[in-house]
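Inspection log for the structure reproduced underneath, given as structure tokens.
The values are calculated or read from the model by the stated rules, or taken from the named source; none is laboratory data. Just so you know, these numbers come straight off a predicted model, no measurement behind them. In this analysis, Cβ positions are derived from the backbone assuming ideal geometry, glycine residues included, and neighbour counts consider all displayed protein chains.
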Amino acid sequence: MDDSGLRVRLDFPGASIGRVEWRGAQLRAELRREALVEADGFRYDYNRHFAFGVSNSSGTDAEVAVRIGCESPENLPGHPPLLWTSASPDRDFLPASLRGRADTYGRYSFLIPVGSGETVYVANWPFRPFDGIRRLFDQLAVDGGAKREIFGRTVDGRDLVGYHFGQGTRPTVLVTSGFHPPEGDTVGSEGVMEYLSRERRSSLRNHFDWYVVPVANPDGYVRGFNGCNANELNFYWQFLENDHDRCPEAYYLWRLVERLTPVLYFDFHAYTFQAHRKFAGPYVKPAALYRDRNVRRLVRAIDADLISLSGGHFTEGALTYAPSTLARKITSRFNTITYAKYHLRMADGTERSKDLAVACVLAAASRLAQHFPESRDILRRPHGRVGADAVAALAGVLIDAWGVRLRPALGRVRRRVPGWP
């Protein structure tokens with residue numbers, strides 16, 4: 001606590017900030033650091049988010065000047081910071097218009113008005129308390145007649161929970177979110193479950209079995225981690241499906257995938273503070289990685305649908321087919337059609353993000369139901385009837401050789417050699 005009666009509050013699940021220092025009514029802080037992950041020739045740094053409170057017991061109102069990762073605002077660009085605030089960490093944070101500027105990479109300068117005797121909680125992501133998320137999805141399952149299943153447990157012993165809409169006899173659509181807690185992407189799963197709960201008689205609900213895992217990384221939520229589980233493993237990028245000790249979350253999720261053998265997989269993520277440089281859209285991996293030319297044709301049609309729904313925005317390249325990810329492994333093993341990641345954009349608002357998530361999932365499912373009514377026409381043997389495919393085998397070798405090995409290596413050389421074009 002500062003002598004002026006101002007104090008940083010980190011005594012709630014999901015809190016996250018690094019070293020802090022008070023200088024009168026100015027709070028200087030650093031982002032908390034967690035382990036980076038290196039996989040497939042890339043290094044992934046998710047240390048970009050914060051969530052903390054500021055309490056004021058001074059007896060007078062205060063305006064706290066927050067500096068995160070910078071000494072002063074003069075060298076920051078003029079982008080207004082995208083921030084969310086609340087009077088309690090037990091409630092969802094709401095968008096806030098706090099005066100300041102940010103570089104949208106990790107440096108912030110902004111002002112927080114804090115009344116006498118008050119506490120204001122602030123985050124650069126739409127903070128959702130973990131207990132509230134659990135209650136929300138449990139209620140949606142009750143509303144929609146879904147079966148709640150504990151399919152495993154985390155490093156810290158928390159339940160891994162999935163919700164099953166269906167009888168287990170039809171082709172399965174799998175939806176996940178919550179690999180990276182600060183992204184707020186659980187709104188995607190929320191939108192899908194709201195639709196399934198509301199539209200019990202819809203043709204798509206009755207054509208498929210639907211399985212939703214809203215929070216893939218519960219420990220990360222509670223510990224306030226940016227991208228890792230309790231062992232500081234970012235298991236989106238390094239999906240260790242056979243390492244129960246380091247990553248039981250991946251271990252149990254893979255066993256669930258083996259049981260479900262889904263024909264379609266959506267994994268929601270979200271852009272949070274990057275409002276001016278990122279847009280909602282899918283990861284689109286090369287269709288050549290799928291077996292069977294008819295499946296490849298279908299994938300290209302779904303790609304076009306999702307890109308259109310996303311205003312023309314999408315991501316392609318090595319990140320979309322990294323071999324260590326679940327998205328790549330599930331296609332290699334089962335020929336599952338994947339959109340992992342599909343990025344929402346929190347600057348668009350919760351309701352718009354939910355609507356977009358539902359529209360994209362339904363567009364893909366509609367294509368599947370129309371052209372491939374049976375899962376055996378999508379899945380590879382022995383789970384379906386799709387056999388060996390020379391195009392997919394060769395494409396996998398060539399795409400990985402370029403995107404995962406050669407191109408990153410050239411990038412490292414380019415950075416080290418002065419004058420390299």
Restricting to the range 77-117, what's the tally of residues that are among the polar types (S, T, N, Q) and in contact with a helix residue (DSSP H, G or I) (Cβ under 6 Å, 6 or more places away or on another chain)?
1
Can you tell me which residue among Leu111, Leu82 is touching a residue at least 12 places away in the same chain (Cβ under 8 Å) and either out of contact with any strand residue (DSSP E or B) (no Cβ under 8 Å at 6 or more places or on another chain) or more than 18 Å from Pro182 (Cα to Cα) (or both)?
Leu111
Please work out which residue is farthest from Ala280 (Cα to Cα), limiting yourself to the range 329-340 and to residues that are of a type in the set (A, V, I, L, M, F, W, C) and outside any helix (DSSP H, G or I).
Ile337
So, in the range 76-97, of the ones that are surrounded by 16 or more Cβ atoms within 10 Å (Cβ to Cβ) and at pLDDT below 90, which residue ends up farthest from Ser109 (Cα to Cα)?
His79
Could you list, in sequence order, all residues of the range 341-373 that are in contact with a Leu (Cβ under 8 Å, 6 or more places away or on another chain), not in a helix (DSSP H, G or I) and not aromatic (Phe, Trp, Tyr)?
Leu344
Report yes if Arg277 is in contact (Cβ under 8 Å) with a residue 24 or more places away in the chain, in a loop (DSSP other than H, G, I, E, B), surrounded by fewer than 19 Cβ atoms within 10 Å (Cβ to Cβ) and in the same structural domain as Lys329 (by TED's automatic domain parsing), otherwise no.
yes
Would you check if there is a residue in the range 263-274 being surrounded by fewer than 21 Cβ atoms within 10 Å (Cβ to Cβ), outside the structural domain of Asp103 (by TED's automatic domain parsing), at negative phi and out of contact with any Lys or Arg (no Cβ under 9 Å at 6 or more places or on another chain)?
no
Based on what the data block shows, is Gly41 crowded, with 16+ Cβ neighbours inside 10 Å and in contact with a Gly (Cβ under 6 Å, 6 or more places away or on another chain)?
no
Check the range 307-328 and report whether any residue there is part of a helix (DSSP H, G or I), within 20 Å of Val175 (Cβ to Cβ) and either among the polar types (S, T, N, Q) or touching a Ser or Thr at 6+ places or on another chain (Cβ under 7 Å) (or both).
yes
Which members of the range 147-165 meet the condition of being over 17 Å from Val361 (Cα atoms) and of a type outside the set (D, E, K, R)?
Ile150, Phe151, Gly152, Thr154, Val155, Gly157, Leu160, Val161, Gly162
Kindly list the number of the only condition in (1) more than 17 Å from the chain's Cα centre (by Cα); (2) more than 27 Å from Phe279 (Cβ to Cβ); (3) buried (at least 20 other Cβ atoms within 10 Å of the Cβ) that fails for Leu196.
(2)
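Every residue, every condition in (1) acidic (Asp, Glu); (2) in contact with a Gly (Cβ under 6 Å, 6 or more places away or on another chain); (3) assigned to a strand (DSSP E or B); (4) closer than 30 Å to Val404 by Cβ, yes or no:
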{"site": "Ser4", "(1), (2), (3), (4)": "no, no, no, no"}
{"site": "Asp11", "(1), (2), (3), (4)": "yes, no, no, no"}
{"site": "Gly18", "(1), (2), (3), (4)": "no, no, no, no"}
{"site": "Glu21", "(1), (2), (3), (4)": "yes, no, yes, no"}
{"site": "Leu31", "(1), (2), (3), (4)": "no, yes, no, yes"}
{"site": "Ala35", "(1), (2), (3), (4)": "no, no, no, yes"}
{"site": "His49", "(1), (2), (3), (4)": "no, no, no, yes"}
{"site": "Val54", "(1), (2), (3), (4)": "no, no, yes, no"}
State all residues of the range 45-65 that are among the aliphatic types (A, V, I, L, M) and either within 14 Å of Phe273 (Cβ to Cβ) or in the same structural domain as Gln238 (by TED's automatic domain parsing) (or both); if no residue qualifies, say none.
Ala51
Residue under question is Ala65, and the condition is that it be within 20 Å of Arg223 (Cα to Cα) and either small (Gly, Ala, Ser) or loosely packed, with under 15 Cβ neighbours inside 10 Å (or both); does it hold?
no
